[in-house]
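A.B. asks: Mind having a look at this structure? Questions to follow.
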Amino acid sequence: MHWFRFGLRRFGLLLGVALCLGTGIIAQEAHPAQQEDPEFARLVKQWTTRPEFISPLVDHLPLVAGIPTPKDVLGYYIGAPKKLTYYEQAVGYYRALAARSPRVKVIDIGKTDEGREQVVVFVASADTIRHLDEYKQDLAQLADPRHLTPLEARAVIEKAKPIYHIMGGLHSSETGPPEMLMELAYRLATEDSPLIRQIRSNVIVSITPVAEPDGRDRYVDWYYHHLINQTSEDDRLPGVPYWGKYILHDNNRDINYSQVTMRNLLKWYLQWHPPIMHDLHESEPFMYTFSGQAPQNPSLDPILYGELPWFSNFELTQMAKYGMPGVWDHDFVDMWSPGYLAFMASNHNGMIRMYETFGNGGANTMLRHIGRPGFGGDQTKREWYRPWPPYKEVLWSMRDNTNYMETGVLTALQLTSAFPKIILEDFYKKSLDSVNDGLTKAPYGYVIPSGQRDMTRVSLIVQLLLRQGIEIGRATGEVKVKEATFPAGSFIVKLDQPYGRLARTLLERQDYPDPKLNTYDDSAWTMGLMNQAEVRAVDDKAILDAAVTPVTDYRIPGSVKGADAGAVAFAVAHYGSNDMITLRYRLKDLKVEAADADFKAAGLDFPAGSFIIPASQQGGNAGPRIREAVDELGLTGAALTTAPAVKTHDLDLPRIAIYSTWNSTQNVGWVRYAFDQFHVPYDLIYKERARAGNLRSQYDVIVVPDQGRTSKGLVFGIPPVGKPIDYEPSPQFKSLGMYGSSPDITGGMGLPGAEEFRKFVEQGGVLITMGVASAFPPDFGITREINAGHTGPGFYAPGPIVQADILHPGSPIFYGYTHTTVPVRWANGPLLRLPLTDEKSEVLMQFPGGEKSVMSGLMRGANQLHDNPAIVEVPVGKGQVLLYATNPVYRWETFGEYNMVFNALMNYDDLKVAPATAAEPTAHPQ
Ligand SMILES: [Zn+2]
């Protein structure tokens, strides 16, 4: 309520400020007295393929004695044909600029997987740069308005400056933005035009030169090695197999910030609070500027939904004014999934911004055709949001791309510099609204109850929320609310906090707003369901008064009851923690058995699958080691003085391979990441190893993660291009050949490779396939009884969370699971069918299907699923094939499903042990 009165009083004042700053055509003329680089103007004009593809903002470059231009350091102008800059060179340029210009500062924010330093570059007036830390404090204050009165907030806004953060190079094949940003930084630091002076004094521009530095270098190597002579868009040469260590495009879908480069940026964000984060991508002609179309997350602030088209329409207007065709907004990307990298800002009460400009996948000038069938929607069609569409055929260059991006960004900075106080006021108000929403709208909080059987997943949820800056308290006593009484120690997320809306977005069930609408990425991500953990929404406002102590870090300590002396065995309960497999590998030199059935000992329940470790090993001195590991991993165990009366089987450690094609490494990368995080060792193998044969001599289990679109793609891989395409390291191209190497990545494993998989299973191996890869054994005769079909027309399921029924709760695959109905993510896997005549194969889990089975997100045509197999176990020869129509290791997200794979690995040679007692036939609580 305060805010409203305050806002009205201030409006006149702010308007006055804005007018003084000037929003008219101050942009075009560079300072007449400033020296310019005539060679730059000449070459840029030459490289710009049509006169309308440039603006007065970027057709010139000032020269200032003593301050290095990009060309001074790199040796070429930005946008030069056939020139791409390596990461180290780019950072070298920013450092050189910062060394000479008091208007530029570079800070380190961490290191990548491959050890490259990540930096953020600030550009503003020299005075602003000198006082950067004070401006940082101002934004931190606005980000948490609980500590400010409206009057104080006004005072902070008066002296604060918005940070406008710009990022390039998140997607390595989108090569233009990292080039353009160097020229932008130089221009902002040196040009004396009224526009640039206004930006410099009213805005702090910060830059992530390359969001995925490892991938940048690998792609630039690839470009110089394979792509530089490409002359036509129809020369479809394959892309480089890897960008970063694990994933490619999904670095823009990493909702839980698993990847270290993304996490470093998030840490920086939470210290600096830029109200705007602008991510530069390439795909759409000539420039698409994101305006946040439907479906939209309704929890986010209405102010944000006004800001997005405010900016994009201003860009569209200005660029039309400069005579640049092909700029459009709306359409294309929606505001549903919060997992995009720049959503970091929207999730924290700032603003996500995004461009897609037109790139050629390198720096070659090429004739491009737009709107052809197979290239997505026809972008050359005039629409109300695309009044001046791109051309059907266009000769396009890196400099064209640079001109569009740079003009767009300068225009966005023009708007920000004209209304800096509005931007700050919006940021403050959105933060305040988030707190107020938590005080006025149910749910008022979420509770993650303590006392859940497996507390490691509670610990994971708490850590993931803390990572994003969400405040969590631990209940100091019992918490009584209308819904339930929660025990002391429960984790309470009160929503009357600046990031309350984010907590809600992550924890609530995704109630998809309009089933007719498609979405750009996942429709569901509910964290409790993904973890198969209990998370309760609380509509009783009393939750806000629950006494709590703040949690800054949380790790559940494990425990081993009883003393080592006199122990005959140590038992560790399998409560479904993903860390069980980590424990097994931690104790890999010890004999470890698994209980075939439930037992009780030392006052604890040990379900089937619990570990039993004979105490006589290691000279009877293994106790301290076991205790240390159990404690560190948050597990529950006991030292037993008598052996439990239960049958057991040895948990032998398998020799594991993960199979990857060369063209679809990303979902494989997520599995590699999960295995690495849980310390599961494996070999990563490719078609070369498959074709070499004799797989059984080297491996016990081969995992084929979801990859590609069809089983045919999995087998035949990249179509041959008439010459070998190598991915191998060389002195010149050091980042190639990492994570695997090949003299020719084309051609796939082919039928000979597929035959080796069949032999592997016949000879006793266990083959695990996930998602789309589960069509491979049926289609290529390994599990010839099974059929792999597809969903039909009208089916659309962008990653909803759906129910699955466990039909064989006694299978070792379900050790640790307590319910027979569990939430799993729908994965676009095949619709598997077993003929009635097949008596050997077993459906271990199935999708009941239908609308009611959708627990979160969107599934259209859900009736097409009707008791379809979700996991099938098929004996073949001496071995087994486990077909997962789910993708149990999907991104860093489906933690509740990981154990369906980890259990299979640990019990790979005992998958058929006698069923233990069945799990409770009740539905999962959430
Ligand atoms: Zn992209």
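The values are calculated or read from the model by the stated rules, or taken from the named source; none is laboratory data. On a predicted model such as this, the values are computed, not experimentally measured, just so you know. Glycine gets a Cβ as well: all are built from the backbone with ideal geometry, and neighbour counts include every protein chain shown. Just the protein is used for accessible areas: all its heavy atoms, side chains included, with ligands, DNA and RNA removed. Shrake-Rupley method; radii C 1.70, N 1.55, O 1.52, S 1.80 Å.
A.B. asks: Can you work out ³J(HN,Hα) from phi for every residue in region 324-332, in order, using Karplus 6.51 cos²θ - 1.76 cosθ + 1.60 and θ = phi - 60°, giving whole Hz and x for Gly and Pro?
C.D. replies: Going residue by residue, I get 8, x, x, 9, 8, 9, 6, 6, 6 Hz, with x marking Gly and Pro.
A.B. asks: Search the structure for amide H atoms under 5 Å from the amide H of G849, placed 1.01 Å from N in the peptide plane, and list their residues when 5 or more places away or on another chain.
C.D. replies: The list, which skips near neighbours in sequence, is D867.
A.B. asks: Please report, largest first and rounded to whole Å, the three semi-axes of the ellipsoid equivalent to region 420-575, where each semi-axis is the square root of five times an eigenvalue of the C-alpha gyration tensor.
C.D. replies: Each semi-axis is √(5λ); the values are 34, 19, 15 Å.
A.B. asks: Accessible area per residue for region 384-471 in Å², computed with a 1.4 Å probe and the full protein assembly in place, what is it?
C.D. replies: 26 Å²
A.B. asks: In region 656-683, whose amide N lies under 11 Å from the spot 7 Å out along Cα-to-Cβ of Q463? List them in ranges.
C.D. replies: 677-678
A.B. asks: Rolling a 1.4 Å sphere over the protein heavy atoms, what is the accessible area per residue of region 292-373, to the nearest Å²?
C.D. replies: Accessible area per residue, region 292-373: 24 Å².
A.B. asks: Please give me the summed charge of the neighbours of E307: other residues whose Cβ is under 15 Å from its Cβ, Lys and Arg +1, Asp and Glu -1.
C.D. replies: -2
A.B. asks: Please turn the phi angles of region 681-687 into ³J(HN,Hα) values with the Karplus equation 6.51 cos²θ - 1.76 cosθ + 1.60 (θ = phi - 60°), one per residue in order, whole Hz, x for glycine and proline.
C.D. replies: Each residue of region 681-687 in turn: x, 7, 9, 8, 10, 10, 4 Hz.
A.B. asks: Here is a further query. Once you have a ≥ b ≥ c as the square roots of the Cα gyration tensor eigenvalues for region 511-588, tell me rounded if a/c is under 1.5, and otherwise prolate or oblate according to whether a/b is larger than b/c.
C.D. replies: Details: a/c = 3.54, a/b = 1.69, b/c = 2.09.
Here region 511-588 falls in the oblate category.
A.B. asks: Also: Using 31 Å as the Cα-Cα cut-off, could you pick out the over-long pairs in K245/K712; K83/K245; K83/K687; K588/K912?
C.D. replies: K83/K687, as the Cα separations exceed 31 Å there.
A.B. asks: Consider just the alpha-carbon atoms of region 792-926 and return their Rg together with their Dmax, both in angstrom.
C.D. replies: Taking only Cα atoms of region 792-926, I get Rg and Dmax of 14.6, 42 Å.
A.B. asks: With a 1.4 Å probe and all protein chains kept in place, how much accessible area does K267 have, in Å² rounded to the nearest 10?
C.D. replies: Surface accessible to solvent at K267 totals approximately 120 Å².
A.B. asks: Let me ask another. Going from most exposed to least, what order do K494, K381 have by accessible area with a 1.4 Å probe?
C.D. replies: Of K494, K381, the descending order of accessible area is K381, K494.
A.B. asks: What are the residues whose amide H is under 5 Å from the amide H of S856, where those residues sit 5 or more places off or on another chain and H is modelled from the backbone?
C.D. replies: The answer is I801.
A.B. asks: Quickly estimate the mean residue ellipticity at 222 nm for the chain, helices only: each DSSP H run with n ≥ 4 gives -39500 (n - 2.57), and the total goes over all residues, rounded to 500.
C.D. replies: Calculated mean residue ellipticity at 222 nm is -9500 deg cm²/dmol.
A.B. asks: When the Karplus curve 6.51 cos²θ - 1.76 cosθ + 1.60 is applied with θ = phi - 60°, which whole-Hz ³J(HN,Hα) does each residue of region 534-546 get, with x for Gly and Pro?
C.D. replies: Once θ is set to phi - 60°, the couplings for region 534-546 become 7, 9, 10, 7, 10, 8, 7, 4, 4, 4, 5, 9, 4 Hz.
A.B. asks: A follow-up question, please. Multiply the residue separation of E688 and R236 by 0.36 nm, subtract the distance between their alpha-carbon atoms, and state the gained length in nm to one decimal.
C.D. replies: 160.4 nm
A.B. asks: Amide H of L395 versus every other amide H placed in the peptide plane: which residues, excluding those fewer than 5 positions away on the same chain, fall under 5 Å?
C.D. replies: Close amide H contacts, sequence-distant or interchain: R368.
A.B. asks: In addition: May I ask you to list the GluC sites (Glu not before Pro) in region 111-164 that are in a DSSP loop and have at most 16 other Cβ atoms within 10 Å of their Cβ?
C.D. replies: E114
A.B. asks: Additional query: Strictly over 27 Å apart at the Cα level, which of K759/K840; K421/K541; K161/K430; K430/K516 would you flag in this model?
C.D. replies: Listed pairs above 27 Å: K421/K541; K430/K516.
A.B. asks: At 0.36 nm per residue, and after removing the present C-alpha to C-alpha distance, how many nm does the segment from D539 to R833 gain when stretched out fully?
C.D. replies: 101.5 nm
A.B. asks: So with the 1.4 Å probe, I'd like the accessible area per residue for region 81-136, rounded to whole Å². All intermediate terms of the calculation are to be shown ahead of the outcome.
C.D. replies: Numbers: 2500 Å² over 56 residues.
Roughly 45 Å² per residue, with all protein chains present.
A.B. asks: Same structure, new question: So for V560, V203, what's the accessible-area order with a 1.4 Å probe, most first?
C.D. replies: Correct descending sequence by accessible area is V560, V203.
A.B. asks: Let me ask something else. On the protein heavy atoms, probe 1.4 angstrom, tell me the percent of accessible surface of the chain carried by carbon and sulfur. Working shown, then result.
C.D. replies: Details: 17210 of 32410 Å².
Solvent-exposed carbon and sulfur of the chain make up 53 percent of the total.
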